[in-house]
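The numbers here are math on the coordinates, done by the rules we state, and not lab data. Please read all numbers here as calculations on a predicted model, not as lab measurements. Every residue, glycine as well, gets a Cβ built from its backbone with ideal geometry; the counts of neighbours run over all protein chains shown.
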Amino acid sequence: MVSTQVLQEFYVNVTRKIPAPISPARARGILNNYLAWQVEIKGPRTSLYASEIEERHQLSFWDSMIIAAATQGRAEQIVTEDLNHRGDVQNRESPITLASEMTNQ
């Protein structure tokens, strides 16, 4: 499962923020490959839930949006390079284990 936010962040980073950006056409080709996955589309309810997660767990709103989308998509694990939280985040349905692949570990 992947959220629209993750796809959007990927696109911006690989076309603008990395030392050797790739072309928009190449980035679109990579994104197209991810359409084979379940894509979780964020809506107003996702934003409300993310706000609750942000407040409860002292996370950034954008990290909370990723958790909210993963929860709504029934993901069992989140793998990320920069989520500001280690451990379990309890949500309404079940705990999500956060696997953080932080570069500073």
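Miscellaneous remarks
- Multiplying each eigenvalue of the alpha-carbon gyration tensor of segment 1-74 by 5 and taking the square root yields semi-axes of 26, 15, 8 Å, largest first, rounded to whole angstroms.
- Paramagnetic reach from MET1 (point 7 Å along Cα→Cβ, amide N under 12 Å) across segment 19-62: 38-42
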